[in-house]
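Where a number appears in this text, it was derived from the coordinates with a stated rule and is not lab data. All figures in this text were calculated on a predicted structure; none of them were measured in a lab. Every residue, glycine among them, receives a Cβ derived from its backbone with ideal geometry; neighbour counts consider all protein chains shown.
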Amino acid sequence: MKIIYILWLRQLKRYFRSKSRIVGSIAQPLLFLLAFGFGFNSIYQRAGGGNYIQFLAPGIIAMGILFTAVFSGIEIIWDRQFGFLKETLVAPVSRMKIMIGRTLGGGTVAILQGLIVFLISLLVGFKPGGIHLILLALVFMALISLFFTALGTAIASMLRDMQGFQLIMNFLLMPLFFLSGSLFPLEGLPKALTIVAKINPLSYGIDGLRGALMGGAQFGLMSDFLILGIITVIMLMIGSYLFSKIQI
């Protein structure tokens, strides 16, 4: 358990030491909140949707978690290039524990990022349904962060090039984000897009987060929790397997 704690703590130290990383990871969600939240609010209200910031904020919180979690995988490539990963892997501990420690660390950082975006959303006018619901929201934030941290680990375990990782992640993440119900309701979409949204893991994370903070989850909170929980476990298993096969 000691190696898990060490790797978890190392991820947190990396995060807090990099002030530019913190500011940079906040800039994009803040831009979306301000530009989309206020820019489309009047249109959304005229369409009968109510306050757009209320609808948008859970999706932007998930966005902050998503990108932070996935790009924690790039640290594997970085550590591989500079030799730290080799030192870790030759230690007399199982690679499973190493992967768990890195994933918990990356997931914790992603949750912290989500909480920062949540506080910012409060400043721009978002009002959650109740303080007690934040605990339920944290459950979905944790599942989103663990799933996408494991996804980033799985892909980084197969790559040696940081630029290749960034290209693959951007190609993968943007469709996942835009087709998850983060920026617009999923009701009334063309059938093909509805199918894509239903097989998108992030759709259930955002729907659960929105339901926890505001009520009225489209798929149902229990369905969101079960589906996201199951696929998170599967992704953790895949990530662990691929990480165990890393060749130094």
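Tabulated results
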| read-out | value |
| --- | --- |
| Sparsely packed trypsin sites (Lys or Arg not before Pro) within region 155-243, loop by DSSP, other Cβ within 10 Å at most 16 | ARG160 |
| Choice from LEU146, LEU179, LEU66 with maximal GNM fluctuation in the chain (Cα, 10 Å cutoff) | LEU179 |
| Label corresponding to Kirkwood radius over Cα pairs in Å when calculated from the structure given, among [x] 18.5; [y] 19.2; [z] 21.9 | [x] |
| Residue-averaged [θ]222 nm for the chain, counting only DSSP H segments that reach four residues, each worth -39500 (n - 2.57) | -26000 deg cm²/dmol |
| Ranked list, fewest to most other Cβ atoms within 10 Å of each Cβ, for THR194, THR103, THR232, THR149 | THR194, THR232, THR103, THR149 |
| Computed E for ARG46/LEU226 - FRET, C-beta separation, R0 41 angstrom, nearest 0.05 | 0.65 |
| Proxy reagent accessibility, fewest Cβ within 10 Å first, across ASP207, ASP161 | ASP161, ASP207 |
